[in-house]
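Everything below concerns the one structure shown next.
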Amino acid sequence: MSEKSIPYKIYLSEDEIPKQWYNVRADMKNKPAPLLNPATLQPMGFEDLRPVFCDELIKQELDDTTAYIDIPQEIRDFYKMYRPSPLVRAYCLEKALGTPAKIYYKFEGNNTSGSHKLNSAIVQAYYAKKQGLKGVTTETGAGQWGTALSMASAYLGIDCKVYMVKVSYEQKPFRREVMRTYGASVTPSPSMETEIGKKINAEHPGTTGSLGCAISEAVEVATKTEGYRYVLGSVLNQVLLHQTVIGLEAKAALDKYGVTPDIIIGCAGGGSNLGGLISPFMGEKLRGEKDYRIVAVEPASCPSFTRGKFAYDFCDTGMVCPLAKMYTLGSNFIPSANHAGGLRYHGMSPILSQLYHDGYMEARSVEQTAVFEAAEQFARVEGILPAPESSHAIRAAIDEALKCKETGEEKTILFGLTGTGYFDMVAYQKFNDGEMTDYIPTDDELNKSFATLPKVEI
Ligand SMILES: *Cc1c(COP(=O)(O)O)cnc(C)c1O
């Protein structure tokens, strides 16, 4: 197929929205390690998880063997409001870079929440409603997850309580108002409304919070309020499963034109978009059918993969959540106020952690000024104003394309463009004014945090 016959945007039809999610765990030889009970340090089964999570979602969480899981029709109907999402051939970026590389991106910012998070929010709200619950609680960092869950909850008519990391609550008042417009209650975290919030405020006076703190608060409220469960926007196996619609659509679109990517790149906060994007490709790699280079990109200020430890750790600061075996910086690690709020999490998806540990993917970290340079370059030629989180993937994609320019290789690069940056203009302003700084934690800081990792023998 000649190069120019590939359109600027490859759209699929509504009928081509996936009918099943793909569970990459089914093809993994080394399965991700089980979640552990924070009190007993024993693996958690269905009954143990019921006070916190919805039943159907627990089944998905624990299912390491079913390769394909049906997507209920009601959820596919909701997906139709904003999916299939476009797969864009970045002709303009390629030209601007003067690279022989072929660059594609899957754009997940075409919905009001502005990111891929709606793909899982609707699923989690759906199963909560189906179970007859009154509502859900959650945390949000930069605000994208909270917005997505508010939208999904409003659509299904259930209540939504959001604990928002304080720094974002203050920096992003408009995000907060979007959530309230969709009917959610929004509380800055750490708050003085929960036991754990009071404790964290006492131990770290003036703290601007972290996802880990907000998670503890949301879990506490869910377990203490009748008819509520906690839902999480990343990290968990179920979330990665829901996000496979990204990769399944991307692969279907590329297959139409006979295109096979050489390199697949995604930003990694808790790993859900990256896991979702790569799953069908990783499946082929695990089954020995094809090979791909898969690259996770994380902020240098919160380098879970590149400098973290592969160990059991708490998912939250308050140590009320199950422990997960993952690449982690330690649940006490409170990253500096990086502008990519959605990537400020100390841990990483247990699925991706295992795959990375087993050598199936790579990771690199990037500094935020370099990320914003890439974001601006991208915005000016491709038109889309990218989220700071997504721009980590743009940075790495541009770097790979520039390497191709040097070597003359015509590699095909696919990256995940997870969302838009309209609510991140304070960050863009800092960058435009030349006031953005790069903070990289020292080994000392990380070692202090590693020293507090729980001692688990399993
Ligand atoms: C939350 C978020 C991320 C990071 O989350 P993952 O679970 O790692 O995918 C990336 N990009 C955007 C726009 C986000 O909102």
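Would you check which residues across the stretch 361-375 are in a loop (DSSP other than H, G, I, E, B) and in contact with a helix residue (DSSP H, G or I) (Cβ under 6 Å, 6 or more places away or on another chain) and list them? Within the stretch 361-375, 361 is the sole residue that qualifies. For the stretch 136-158, a residue qualifies if it is of a type outside the set (Ser, Thr, Tyr), in contact with a helix residue (DSSP H, G or I) (Cβ under 7 Å, 6 or more places away or on another chain), away from the ligand (no atom under 13 Å from the Cβ) and not in a strand (DSSP E or B), and the qualifying residues are 151, 152, 156, 158.
Looking only at the stretch 376-402, how many residues end up being open to solvent by 20 Å² or more (accessible area, probe 1.4 Å) and in a strand (DSSP E or B)?
Here is the first cut: in the stretch 376-402, the ones open to solvent by 20 Å² or more (accessible area, probe 1.4 Å) are 376-377, 379-381, 383-385, 395, 399, 402.
Narrowing further to those that are in a strand (DSSP E or B): none.
Number satisfying all stated conditions: 0.
Restricting attention to the stretch 133-154 and to residues that are open to solvent by 10 Å² or more (accessible area, probe 1.4 Å) and over 21 Å from residue 418 (Cβ atoms), the residue that is nearest to the chain's Cα centre (by Cα) turns out to be 154.
Here is a check on your reading of the model: is residue 409 in contact (Cβ under 8 Å) with a residue 40 or more places away in the chain, away from the ligand (no atom under 12 Å from the Cβ), open to solvent by 50 Å² or more (accessible area, probe 1.4 Å) and touching a helix residue (DSSP H, G or I) at 6+ places or on another chain (Cβ under 9 Å)? So residue 409 fits the description; yes. Of the residues examined, residue 234 is one that is open to solvent by 10 Å² or more (accessible area, probe 1.4 Å), farther than 23 Å from residue 132 by Cβ and within 12 Å of the ligand (Cβ to nearest atom). Within the stretch 25-36, residues that are among the small types (Gly, Ala, Ser) reach partners that are assigned to a loop (DSSP other than H, G, I, E, B) with beta carbons closer than 8 Å, at six or more positions or on different chains, in the pairs 26/64; 26/65; 26/66; 26/67; 33/458. Restricting the stretch 88-135 to residues that are within 13 Å of the ligand (Cβ to nearest atom) and assigned to a strand (DSSP E or B), which is nearest to residue 74 (Cα to Cα)? Among those that are within 13 Å of the ligand (Cβ to nearest atom) and assigned to a strand (DSSP E or B), it is 115.
Inside the stretch 196-223, residues that are modelled with pLDDT of 95 or more and not in a helix (DSSP H, G or I) make up a count of 0.
Look at the stretch 209-230: where a residue is within 28 Å of residue 339 (Cβ to Cβ) and a partner is of a type in the set (Lys, Arg), sitting 6+ places away or on another chain with Cβ atoms under 6 Å, you get 209/166. Of the listed requirements (1) within 14 Å of the ligand (Cβ to nearest atom); (2) under 21 Å from residue 150 (Cα atoms), residue 227 misses just one: (1).
The values are calculated or read from the model by the stated rules, or taken from the named source; none is laboratory data. Note that the structure is a prediction, hence the values are computed from the model and not measured. Heads up, the Cβs are rebuilt from the backbone with ideal geometry, glycines too, and the neighbour counts pull from every protein chain shown. Just so you know, the surface numbers come from the protein's heavy atoms only, side chains and all, with ligands and any DNA or RNA stripped out. Shrake-Rupley method; radii C 1.70, N 1.55, O 1.52, S 1.80 Å.
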